[in-house]
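Since the structure comes first, as structure tokens, the remarks are kept for the end.
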Amino acid sequence: MHLQQNISLLPYNTFGIDVQAAYFTELKDINDLEAITELPYEKHILGGGSNILLTQPIKGLVIHNQLKGITVEKEDDNHVWLRVQAGEVWHELVLYAVNTGLGGIENLALIPGTVGASPMQNIGAYGVEAKDTIESVTFWYWNEKRLLTYNNRECEFGYRASIFKEGLKDKVFITSVVYKLSKQPRYNTSYGAIEQELEEMGVKEPSVKAIAYAVMNIRMSKLPDPKVIGNAGSFFKNPTIARTEYEILLEKYPSLPSYKVSDNLVKIPAGWLIEQCGWKGYKIDDMGVHAKQALVLVNYGKAHGKEIWQLSGEILRSVKERFGIELEREVQVW
Ligand code: FAD
Ligand code: EPU
């Protein structure tokens, strides 16, 4: 283990925020976790830094996850179970699956970050979530100094939620994830834009590869590339409200978009609420709200994390005032 001091986190977060970590180490060997456990610093786990907002210097230790490796755990006529080390880049896993014809995660193409973070908030896009293919998650429990494995049910997955983001928050280091991928994939093209994109691409018969590329095209047309404009994807979650509340709002706002969650619950796109409040394309100093996607806050240069945090607070308040809906931040604030 190589322990470094006073390291700038600028290259390690997609928001492009420049703060220092007092202590920093790259974790390449799982056996180092035991020694790291004994270090007397508060521990922060960093994957691709694509879902964090850095608002202050980090006094403790940042552990940059570099655990690598993909192995076939088992296989039958219909499925392959892949054990993937947590420091693998998520999109590279998607490409690996796509290139070997394995289905299940093609709709999640181009989501930045690491495999280890995929169960954290149960990443999702275009009608699919990580939980649909996660068989188990193995993690190092800091307090007990040992590895534990949870099956899918034990992970308590929900919309942008899991036990790792709630009850086990800051208590574990996810070291590997087993995904159950399909040799005879069932394609999920129910998200309208995919069908349309496949048509534009001239694809007659969908395949895992075609769907992955359709998703990539759609994403590139809407979401800012963090290499060009700093951001962490959706800053807020889409809120779920009671159907009764939805019906009252619908009378006032007939164009209010919605998705059914259950008979009594409705999900509302936060991007729509934020756009209605006039924030879309807003820019002040080096930060703002993306012009093509109001759910994405952006750093055009040297914005500070604290300023972006404040902007997100103003957005929260204006949505609450106009619609009575309390947005919740998706991004993890450090
Ligand atoms: P980080 O940002 O490094 O970490 C996020 C949190 O997880 C931190 O609290 C960290 O401590 C914790 N963590 C990370 N790794 C581990 C580990 N091994 N063990 C324990 N805790 C850990 N998300 C979606 O769900 N869907 C999308 O469509 C989507 N699109 C995006 C588009 C863009 C352009 C960007 C920038 C982000 C997008 N995101 C999306 C958000 C982000 O990509 C995901 O949340 C991703 O899983 C974060 O991975 P990461 O490795 O970068 O995590
Ligand atoms: N909308 C607007 N204005 C906007 C943006 C969106 O009115 O500026 C409305 C439109 O009605 C649109 C709807 O919101 O049809 C949905 O927009 P979009 O398809 O872009 O998806 P989203 O709800 O904004 C969610 C996820 C994304 C994920 C996409 C695709 C959340 C918080 N976000 O965004 O995930 O990629 O769906 O499935 O659930 C992320 O979590 O970081 C993320 C990018």
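The values are calculated or read from the model by the stated rules, or taken from the named source; none is laboratory data. These numbers were taken from a predicted model, which means no experiment stands behind them. Here the Cβ is made from the backbone with ideal geometry for all residues, glycine too, and neighbour counts use every protein chain on show. Surface areas here come from the heavy atoms of the whole protein model, side chains and all, with no ligands, DNA or RNA. Shrake-Rupley method; radii C 1.70, N 1.55, O 1.52, S 1.80 Å.
From the list Gln196, Gln184, which one is away from ligand 2 (no atom under 13 Å from the Cβ) and of a type in the set (S, T, N, Q)? Write out each step before concluding.
Working: Gln196 fails: away from ligand 2 (no atom under 13 Å from the Cβ).
It is Gln184.
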Quiz prompt | Identity of the residue in the stretch 120-144, open to solvent by 30 Å² or more (accessible area, probe 1.4 Å) and not in a loop (DSSP other than H, G, I, E, B), that ends up nearest to ligand 2 (Cβ to nearest atom) | solution = Glu129
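Just name the residue that is modelled with the lowest pLDDT out of those in the stretch 197-208 that are open to solvent by less than 90 Å² (accessible area, probe 1.4 Å) and on the phi < 0 side of the Ramachandran plot.
Initially, the stretch 197-208 is screened for residues open to solvent by less than 90 Å² (accessible area, probe 1.4 Å), giving 197-198, 201-203, 206-208.
If we keep only those that are on the phi < 0 side of the Ramachandran plot too, we end up with 197-198, 201, 203, 206-208.
On the way: Glu197: 96, Leu198: 96, Met201: 96, Val203: 94, Pro206: 91, Ser207: 95, Val208: 96.
Among those that are open to solvent by less than 90 Å² (accessible area, probe 1.4 Å) and on the phi < 0 side of the Ramachandran plot, it is Pro206.
Residues checked against (1) open to solvent by less than 20 Å² (accessible area, probe 1.4 Å); (2) over 30 Å from Asp18 (Cβ atoms); (3) outside the structural domain of Glu26 (by TED's automatic domain parsing):
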site	(1), (2), (3)
Asp77	no, yes, yes
Leu82	yes, yes, yes
Val89	no, no, yes
Leu110	no, no, yes
Gly116	yes, no, yes
Arg146	no, yes, yes
Arg160	no, no, yes
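Residues Asp76, Asp32, Asp18: which one is charged (D, E, K, R) and in contact with a helix residue (DSSP H, G or I) (Cβ under 6 Å, 6 or more places away or on another chain)? Don't jump to the end; show me each part of the working.
On the way: Asp76 fails: in contact with a helix residue (DSSP H, G or I) (Cβ under 6 Å, 6 or more places away or on another chain); Asp32 fails: in contact with a helix residue (DSSP H, G or I) (Cβ under 6 Å, 6 or more places away or on another chain).
Sole residue among the options that is charged (D, E, K, R) and in contact with a helix residue (DSSP H, G or I) (Cβ under 6 Å, 6 or more places away or on another chain): Asp18.
Which ones in the stretch 6-38 are part of a helix (DSSP H, G or I) and either open to solvent by less than 20 Å² (accessible area, probe 1.4 Å) or touching a residue at least 60 places away in the same chain (Cβ under 8 Å) (or both)? So that I can check it myself, show each step before the final result.
If we filter the stretch 6-38 for residues that are part of a helix (DSSP H, G or I), which is where we start, we get 10-12, 30-38.
Answer for the stretch 6-38, where residues must be part of a helix (DSSP H, G or I) and either open to solvent by less than 20 Å² (accessible area, probe 1.4 Å) or touching a residue at least 60 places away in the same chain (Cβ under 8 Å) (or both): Ile30, Leu33, Glu34, Ile36, Thr37.
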Exercise. Of all residues in the stretch 290-310, count the ones that are surrounded by fewer than 18 Cβ atoms within 10 Å (Cβ to Cβ) and within 14 Å of ligand 1 (Cβ to nearest atom).
Key: 1
Quiz prompt | Members of the stretch 176-194 that are in contact with a helix residue (DSSP H, G or I) (Cβ under 6 Å, 6 or more places away or on another chain) and within 12 Å of ligand 1 (Cβ to nearest atom) | solution = Val177
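Within the stretch 263-288, how many residues turn out to be within 16 Å of ligand 1 (Cβ to nearest atom) and in contact with a strand residue (DSSP E or B) (Cβ under 6 Å, 6 or more places away or on another chain)? Write out each step before concluding.
Looking only at the stretch 263-288, we keep the residues that are within 16 Å of ligand 1 (Cβ to nearest atom), and these are 267, 269-271, 287-288.
Of the ones still in play, those that are also in contact with a strand residue (DSSP E or B) (Cβ under 6 Å, 6 or more places away or on another chain) are 267, 270, 287-288.
So the answer is 4.
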Quiz item: What about Ile284, is it under 30 Å from Asn299 (Cβ atoms), surrounded by fewer than 16 Cβ atoms within 10 Å (Cβ to Cβ) and among the hydrophobic types (A, V, I, L, M, F, W, C)?
Solution: yes
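Answer yes or no: is there a residue in the stretch 179-187 that is under 21 Å from the mean Cα position of the chain (by Cα) and closer than 23 Å to Ile45 by Cα. Give the steps one after another, and end with the answer.
To start, the set of residues in the stretch 179-187 that are under 21 Å from the mean Cα position of the chain (by Cα) comprises 179-181.
Now restrict to residues that are closer than 23 Å to Ile45 by Cα: 179.
Within the stretch 179-187, one or more residues are under 21 Å from the mean Cα position of the chain (by Cα) and closer than 23 Å to Ile45 by Cα.
Would you confirm, using the coordinates I've provided, whether Ile174 is assigned to a strand (DSSP E or B) and surrounded by 21 or more Cβ atoms within 10 Å (Cβ to Cβ)? Before you say what the answer is, go through the steps one by one.
Values: assigned to a strand (DSSP E or B): yes; surrounded by 21 or more Cβ atoms within 10 Å (Cβ to Cβ): yes.
Spelling it out, Ile174 is indeed assigned to a strand (DSSP E or B) and surrounded by 21 or more Cβ atoms within 10 Å (Cβ to Cβ).
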Quiz item: How many residues does the stretch 57-75 contain that are surrounded by 16 or more Cβ atoms within 10 Å (Cβ to Cβ) and of a type in the set (S, T, N, Q)?
Solution: 2
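Of the residues Ile194, Ile211, Ile248, Ile218, which is part of a helix (DSSP H, G or I) and open to solvent by 50 Å² or more (accessible area, probe 1.4 Å)? Steps first, please.
On the way: Ile194 fails: open to solvent by 50 Å² or more (accessible area, probe 1.4 Å); Ile211 fails: open to solvent by 50 Å² or more (accessible area, probe 1.4 Å); Ile218 fails: open to solvent by 50 Å² or more (accessible area, probe 1.4 Å).
Just a single option satisfies the conditions, and that option is Ile248.
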